[in-house]
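The values are calculated or read from the model by the stated rules, or taken from the named source; none is laboratory data. Since we're looking at a predicted model, the values are computed, not measured. Note that we place each Cβ from the backbone using ideal geometry, even for glycine, and neighbour counts take in every protein chain shown. Surface areas here come from the heavy atoms of the whole protein model, side chains and all, with no ligands, DNA or RNA. Shrake-Rupley method; radii C 1.70, N 1.55, O 1.52, S 1.80 Å.
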Amino acid sequence: MRIDLHAHSTESDGTDTPAQLAAAAAAAGLDVVAITDHDTTAGWAAAAAALPAGLRLIRGAEFSCVAPDGRGGQVPVHLLGYLFDPDSVAITTEQSRLRDERQNRLRVMAARMAADGFPVDPDAVLAGLPAGAPAGRPHLARALLGAGVVHSIDEAFHRFLKAGGPYYMGRADTEVTAAIRMVRAAGGVPVLAHPAARRRGPVISLETITELAGEGLAGIEVDHPDHTSSDRAVLRDLAATLELVITGSSDYHGTNKTVSLGQETTTPESLSRIESLAVPPPHSAH
Ligand code: AMP
Ligand code: FE
Ligand code: FE
Ligand code: ZN
């Protein structure tokens, strides 16, 4: 069984449509793939409708959050939520707030770049996305690539978009304990995404992860392309101590990243634990 529990589609900052993602997962030899777009569940239906025989879909999303940094400040963290009720009002309200915030932020970042002579038209960028979709820095990166300002997405991040970079702008993301409770209240299973992805900036401490386990966190994404082997060893130990589920995933984004589907995988035992922790909504008959 090959299981990849973290992948993005064009409903957020991936480059495969949800249907193409399903086809690509089958072509990569996966038995199970999770669709986990940032701050939206808009791709679930199309991915489910396009599933080839033999491929199973795990419905999920990646929530944009902040966690305490232990020194009175905050660090960005991503929370994967699996198998939650997509009609949960708390979740739909928060996801919609974040998508609005993302669109405003894209406009501000684009205006700052344009003012410095790097032509990025936010209307054109937003017109290229599904209506109301969660706009992200990868969309700006592609615009810079298209305008010939950079030669790769990675260069766009390093020169322009990374945290601390000249045009970076933060967001009012969800407090991670609130997101964990929201996912649990909607019957879902919260797993901390790539907690040691250091090249993106400061990361969450092991002490804070321990506190989150007490707040209902169910798992840790240990095997991720941005994790070193020593990070993985430390996280694997921590997950074992805290009795958290261990997952592994590619965080596939199509051609916006160089990783491939199935590059990192989750064991069938871990997937079973996630499925057994999920609580189907009472009105799941419709
Ligand atoms: P945002 O959600 O707008 O803050 O942008 C964050 C997203 O940018 C992440 O989810 C990644 O998909 C992507 N990202 C961050 N760093 C890089 C990089 N160096 N190359 C490609 N994509 C990146
Ligand atoms: Fe992303
Ligand atoms: Fe992420
Ligand atoms: Zn992701």
Worksheet, complete the sentence: Residue count, region 67-109, condition without any contact (Cβ under 8 Å) to a residue 40 or more places away in the chain, over 30 Å from ASP121 (Cα atoms) and under 16 Å from the mean Cα position of the chain (by Cα), comes to 0
Discussion item. List pairs: first residue in region 131-143 and open to solvent by less than 40 Å² (accessible area, probe 1.4 Å), second residue polar (S, T, N, Q) anywhere in the structure, Cβ distance under 7 angstrom, at least six positions apart or on different chains.
Written reply: ALA133/SER12; ALA133/THR40; PRO134/SER12; PRO134/THR40; ALA135/GLN103; GLY136/SER12; PRO138/ASN256
Response to the item:
Those residues of region 45-84 which are part of a loop (DSSP other than H, G, I, E, B) and open to solvent by 20 Å² or more (accessible area, probe 1.4 Å) amount to ALA50, LEU51, PRO52, ALA53, GLY54, ASP69, GLY70, ARG71, GLY72, GLY73, LEU83
Practice prompt. Determine whether VAL234 is over 22 Å from ASP37 (Cβ atoms) and either modelled with pLDDT of 95 or more or in contact with a strand residue (DSSP E or B) (Cβ under 9 Å, 6 or more places away or on another chain) (or both).
Written response: yes
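Residue-wise test of (1) within 16 Å of ligand 3 (Cβ to nearest atom); (2) in contact (Cβ under 8 Å) with a residue 24 or more places away in the chain.
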residue	(1), (2)
GLY201	yes, yes
GLU207	no, yes
ILE220	yes, yes
ASP223	yes, yes
ALA240	no, no
Worksheet, complete the sentence: Quick count over region 156-169, residues being within 10 Å of ligand 1 (Cβ to nearest atom) and either surrounded by 15 or more Cβ atoms within 10 Å (Cβ to Cβ) or under 17 Å from PRO122 (Cβ atoms) (or both), is 6
Fill in: Residues located in region 1-25, provided they are surrounded by fewer than 22 Cβ atoms within 10 Å (Cβ to Cβ), in a helix (DSSP H, G or I) and away from ligand 4 (no atom under 16 Å from the Cβ)
ALA19, GLN20, ALA23
Response to the item:
When every residue in region 133-188 that is in a helix (DSSP H, G or I) and of a type in the set (Lys, Arg) is compared, the one nearest to the chain's Cα centre (by Cα) is ARG137
Worksheet entry | Checking ALA213 against (1) within 16 Å of ligand 1 (Cβ to nearest atom); (2) closer than 12 Å to VAL176 by Cα, the condition it does not meet | (1)
Fill in: Condition met for ASP37 (in a strand (DSSP E or B), acidic (Asp, Glu) and modelled with pLDDT of 95 or more)
yes
Worksheet item: How about region 210-234: which of its residues are part of a helix (DSSP H, G or I) and surrounded by fewer than 21 Cβ atoms within 10 Å (Cβ to Cβ)?
Response: THR210, GLU211, ALA213, GLY214, SER229, SER230, ASP231, ARG232, ALA233, VAL234
Worksheet entry | Whichever residue in region 235-278 is in a loop (DSSP other than H, G, I, E, B) and touching a Phe, Trp or Tyr at 6+ places or on another chain (Cβ under 9 Å) and, among such residues, is surrounded by the fewest Cβ atoms within 10 Å (Cβ to Cβ) | SER260
